[in-house]
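Derivation of every value follows stated rules applied to the coordinates shown; laboratory data play no part. Please read these numbers as outputs of a predicted model, since none were measured by experiment. Counting neighbours? That spans all protein chains shown, and the Cβs are built from the backbone with ideal geometry, glycine included.
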Amino acid sequence: MSELNVITLALPKGRIFEETLPLIRAASIEVLEDPNTSRKLILPTSRPDVQVVLVRATDVPTYVAQGGADLGVVGLDTLIEHSAESGGMDLYQPVDLKIAKCRLSVAVRADFDYAGVVKQGSRLRVATKYTHAAREFFAAKGVHVDLIKLYGSMELAPLTGLADAIVDLVSTGNTLKANQLVEVEHIMDISSRLVVNPASLKIKRVALQPILQAIRDAVACIYIRYRNHA
Ligand code: PRP
């Protein structure tokens, strides 16, 4: 099949991958190999015209924006950082998939007087992977911050004296608790978005539209079921 007729979906391994599977199933797309056991980076699906590429979460927007994939699923946290760097015009974000839900929060050591430091107008040293979201949040509050860019294990920064606070994703709160950190601010709710390459949307519209619609319908259906059981 020619490349023009194949739809490529970029997914990161882990929670987003697992939670995307039921949604793409609505478009009759079943991923035929398990990324946890296969070393392949291009996974075939039950549809000969659809393939999945496995990329790092932070690379999903780049793959989709630059045409390495037609579609991708990415957390709002990652998308905000990508948009701030790219100007935000290189991706369509048609669907909030309402999956991989968590929140972006500020956390500090339990013995750190966050409210006092903020009230005094002192500078706060903040370690995070999410520098754009953190800068905007603290700027809106008028808090002076020195941002320290990290790529993982943010929880370690306040414990080692590298930073006063972290801005990180919180889901169950177990990681914070295990490291004696407490959540002091809720910045925003996070969920994953389906992003689309704008050129693909034009060139492959006939193949893409039914997939996008099936996913939209699946999200709405799951959401209604969830609401009725809540
Ligand atoms: C995320 C986040 C926290 C943890 C929070 O890390 O950075 O460390 O999950 O989850 P919890 O509230 O349920 O404990 P992840 O495992 O995604 O790895 P990362 O550090 O590579 O982002």
* **Given charges at Cβ of Lys, Arg, Asp, Glu: region 26-165 dipole, positive-most of ALA133, PRO35, THR58** => ALA133
* Asked: Points 7 angstrom from Cα along the Cβ direction at LYS119 and GLN213: gap in nanometres?
  -> 5.8
* On full extension of the chain, what length is gained from ARG39 through GLU136, given 0.36 nm per residue of separation minus the C-alpha to C-alpha distance? -> 31.0 nm
* Assuming a ≥ b ≥ c are the square roots of the Cα gyration tensor eigenvalues, decide whether region 1-69 counts as rounded (a/c under 1.5), prolate (otherwise, with a/b larger than b/c) or oblate. => rounded
* Structure fact -> Where a ≥ b ≥ c are root eigenvalues of the Cα gyration tensor, a/c under 1.5 meaning rounded, otherwise prolate if a/b exceeds b/c and oblate otherwise, region 1-150 counts as prolate
* Most fluctuating residue given options ALA178, ALA69, ALA163, as computed from a GNM of the chain linking Cα atoms under 10 Å -> ALA178
* Whole-Å distance, taken between Cα centres, linking region 155-227 and region 25-87 -> 14
* Structure fact -> Descending packing, highest mean Cβ count within 10 Å first, for 73-86, 120-133 is 73-86, 120-133
* Structure fact -> Simple spin-label estimate for ILE148/CYS221, 7 Å along Cα→Cβ, in nm, reads 4.9
* Report the full-extension gain for the segment LYS177 to LYS13: residue separation times 0.36 nm, less the Cα-Cα distance, to one decimal in nm. => 56.5 nm
* To do: Mind telling me which of SER171, SER105, SER38 comes out most flexible in a GNM of the chain, alpha-carbon contacts under 10 Å?
  => SER38
* Asked: Which of these, MET154, MET188, MET89, has the largest mean-square fluctuation under a Gaussian network model of the chain (Cα springs below 10 Å)?
  -> MET89
